């Protein structure tokens, strides 16, 4: 089981659906409706926020992205 599947398993059904929609929007490149912010101290790491859910990802120069973590917001969310 990969990292994304494990993270989705920890979330409720409604939260998992929201995360899937956010990931689909990232993949399609339609980021206008997402709340994206660059993380301090990192050149290519961003987060997408939807309520208490955070998707932390790395963007490659070619426009592709790699999901680093999917979590609920907590004190340790950004410690990776």
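The values are calculated or read from the model by the stated rules, or taken from the named source; none is laboratory data. Please read these numbers as outputs of a predicted model, since none were measured by experiment. Glycine gets a Cβ as well: all are built from the backbone with ideal geometry, and neighbour counts include every protein chain shown.
For the range 33-50, what are the residues that are in contact with a helix residue (DSSP H, G or I) (Cβ under 9 Å, 6 or more places away or on another chain) and loosely packed, with under 10 Cβ neighbours inside 10 Å?
33
Kindly provide the set of residues from the range 54-63 that are modelled with pLDDT under 90 and either surrounded by 11 or more Cβ atoms within 10 Å (Cβ to Cβ) or more than 18 Å from residue 27 (Cα to Cα) (or both), ordered by number.
59
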